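This report refers to the structure that appears directly beneath it.
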Amino acid sequence: MKVTRTQLDGCFIVEPRIFKDERGCFFESFNQSQFEEAVGTKINFVQDNQSVSKRGVIRGLHFQTGDDAQAKLVRVLQGVVLDVAVDLRKSSSTYGEHVTIELSSENKKQLFIPRGFAHGFITLSETAEFFYKCDNFYKKEAEGGIIYNDPELGIDWKLAPNEIILSSKDAELPLLRESVL
């Protein structure tokens, strides 16, 4: 596996080694010991989540607070998304900054997002199946979020505003500066 640091401390792009031949391909999508060595931290994933979304759907920007914060390893099983991680760690030199990466079933890239980050994605293909591992269980009372179009974040979601589809919950999320972290 190839692991590349992003500009946000603790956030990594993970690319599996892919073996292709006339039959198709094979790759190891996760190896605990290799992953921990590459990112320099112990991780114990306890929950897997999966979603299917149509083009233009934004899911996020979500996070969990306090002891219920989650680290995530995300990837796309089918389709293409623009994945976004926002550093919410107030003690970090990159607080309020974000990283974006296109994840697809073709490139098989993954993004590791440590605890203390908000996460979201937009579906760029007609549909996308999104999969992620979490190192902590979801708790509704610990959930938080930031509105996708916060001008201070300045995220380019790659689609026109009239193409974006939000849940009513995500449409009412606060700005970063108003968010309860």
**Asked** Could we say that LEU77 is crowded, with 19+ Cβ neighbours inside 10 Å, within 27 Å of LYS140 (Cβ to Cβ) and in contact (Cβ under 8 Å) with a residue 12 or more places away in the chain here?
**Response** no
**Complete:** Of the listed residues (ILE101, ILE146, ILE165), the one being hydrophobic (A, V, I, L, M, F, W, C) and under 14 Å from LEU61 (Cβ atoms) is ILE146
**Asked** Any residue at all in region 168-179 that is touching a Gly at 6+ places or on another chain (Cβ under 6 Å), more than 23 Å from ALA69 (Cβ to Cβ), part of a loop (DSSP other than H, G, I, E, B) and among the aliphatic types (A, V, I, L, M)?
**Response** no
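Would you mention how many residues in region 129-166 are among the polar types (S, T, N, Q), free of Cβ contacts under 8 Å to residues at least 24 places away in the same chain and part of a loop (DSSP other than H, G, I, E, B)?
Initial filter on region 129-166 (among the polar types (S, T, N, Q)): 136, 149, 162.
Cutting the leftovers down to free of Cβ contacts under 8 Å to residues at least 24 places away in the same chain gives us 149, 162.
Of the ones still in play, those that are also part of a loop (DSSP other than H, G, I, E, B) are 149.
Residues in region 129-166 being among the polar types (S, T, N, Q), free of Cβ contacts under 8 Å to residues at least 24 places away in the same chain and part of a loop (DSSP other than H, G, I, E, B): 1 in total.
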**Request:** For region 155-173, name all the residues that are more than 17 Å from the chain's Cα centre (by Cα) and closer than 11 Å to HIS98 by Cβ.
**Result:** none
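Residue-wise test of (1) surrounded by fewer than 16 Cβ atoms within 10 Å (Cβ to Cβ); (2) under 15 Å from PHE112 (Cβ atoms); (3) among the hydrophobic types (A, V, I, L, M, F, W, C).
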| site | (1), (2), (3) |
| --- | --- |
| GLY40 | yes, yes, no |
| GLN47 | yes, no, no |
| GLN50 | yes, no, no |
| HIS62 | no, no, no |
| VAL84 | no, yes, yes |
| SER91 | yes, no, no |
**Prompt:** Can you tell me which residue in region 136-165 is farthest from ALA71 (Cα to Cα), limited to those that are surrounded by 11 or more Cβ atoms within 10 Å (Cβ to Cβ) and touching a Lys or Arg at 6+ places or on another chain (Cβ under 9 Å)?
**Reply:** GLU163
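Coordinate-derived values only; no laboratory data. Bear in mind that the values here come from a model prediction, so they are computed numbers and not experimental data. Here Cβ is always computed from backbone atoms with ideal geometry, including for glycine, and neighbour counts include all displayed protein chains.
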